[in-house]
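Structure, as structure tokens:
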Amino acid sequence: MNELKVAIVGGTGNLGSALALRLGAPGVKIIIGSRDAEKARNAVETLRPKLRAGEMFGTTNRDAVKDADFIVIAVPYEGHAQMVSDLKGQLSGKILIDTVVPLNKVKPFVPAAGSALQEAQQILDGEAPVIGALHNISAVDLGDVEDPERHAPQRSAATCFPGMGALLRWVGQGSAFMVVGVRRALIPDIGV
């Protein structure tokens, strides 16, 4: 897996940091993105002692996506549309994984587009496939790389990465998909 590169836009937050540790465990190259490159580098320095394998570095969100195969959006919903708009034009040939859950004062709501995933799809207008994932696993559980078996019910979190046998459901129009299942035998690759 060393050749796989994943950029985590908003990677300095709880979910982004937890995902970086989980994906880094089998050797995936992780690029932590932030609006502030220094904040991203500081997050990497905090996470690096917990990283069991792989490479990790921090930079701006815009620079993070340049060399990545997969782009994970892990920002609060309030910044979601702007972030996707900012990245538009850089995502051709890549896969966008949208982890955003629309919340209004911690209560979920349905945005005008139908979901954050569909909102991203509308903004990108076919530039890149959009996959919704990690909507039902907490950052605490995702970041528990020492005991991944404890979180077996959330195994669908791994399904958006190649070679893992994802079962996708088409949502809306174009290239928007939501992860609905996974082949169990392939999950130990990243331990979720």
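The values are calculated or read from the model by the stated rules, or taken from the named source; none is laboratory data. Note that the coordinates shown come from a computational prediction; the quantities given were computed from them, not determined experimentally. Every residue, glycine among them, receives a Cβ derived from its backbone with ideal geometry; neighbour counts consider all protein chains shown.
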Members of segment 30-58 that are in a strand (DSSP E or B) and surrounded by 19 or more Cβ atoms within 10 Å (Cβ to Cβ): Ile30, Ile31, Ile32, Gly33, Ser34, Met56, Gly58
If we ask which residues in segment 85-120 are modelled with pLDDT of 85 or more, outside any loop (DSSP other than H, G, I, E, B) and in contact with a helix residue (DSSP H, G or I) (Cβ under 9 Å, 6 or more places away or on another chain), their number turns out to be 8
Might you check whether a residue that is modelled with pLDDT of 50 or more and either within 29 Å of Asp63 (Cα to Cα) or loosely packed, with under 14 Cβ neighbours inside 10 Å (or both) occurs anywhere in segment 180-187? no
Of all residues making up segment 62-111, the number that are within 14 Å of Gly10 (Cβ to Cβ) and touching a Lys or Arg at 6+ places or on another chain (Cβ under 6 Å): 2
Given the structure, is Gly163 at pLDDT 85 or above and assigned to a loop (DSSP other than H, G, I, E, B)? no
Take the residues in segment 80-131 that are closer than 18 Å to Asp63 by Cα and basic (Lys, Arg), then tell me which one is nearest to the chain's Cα centre (by Cα). Lys94
Count of residues meeting criterion [surrounded by 20 or more Cβ atoms within 10 Å (Cβ to Cβ) and part of a helix (DSSP H, G or I)] in segment 121-130: 2
For segment 88-105, check the following and say yes or no: at least one residue is among the acidic types (Asp, Glu) and under 24 Å from Asn136 (Cβ atoms). yes
Among the residues of segment 86-114, write down those that are in contact with a Leu (Cβ under 9 Å, 6 or more places away or on another chain) and closer than 17 Å to Ala128 by Cβ. Leu87, Lys88, Leu91, Leu96, Ile97, Asp98, Thr99, Val100
Show the residue pairs meeting these rules: Cβ distance below 6 Å; 6+ apart or different chains; first residue within segment 81-102 and in contact (Cβ under 8 Å) with a residue 12 or more places away in the chain; second residue surrounded by fewer than 17 Cβ atoms within 10 Å (Cβ to Cβ). Val100/Tyr77; Pro102/Tyr77; Pro102/Phe109; Pro102/Pro111
Residues that are within 11 Å of Glu55 (Cβ to Cβ), in contact with a Gly (Cβ under 9 Å, 6 or more places away or on another chain) and not aliphatic (A, V, I, L, M), drawn from segment 4-45: Gly24, Gly27, Lys29
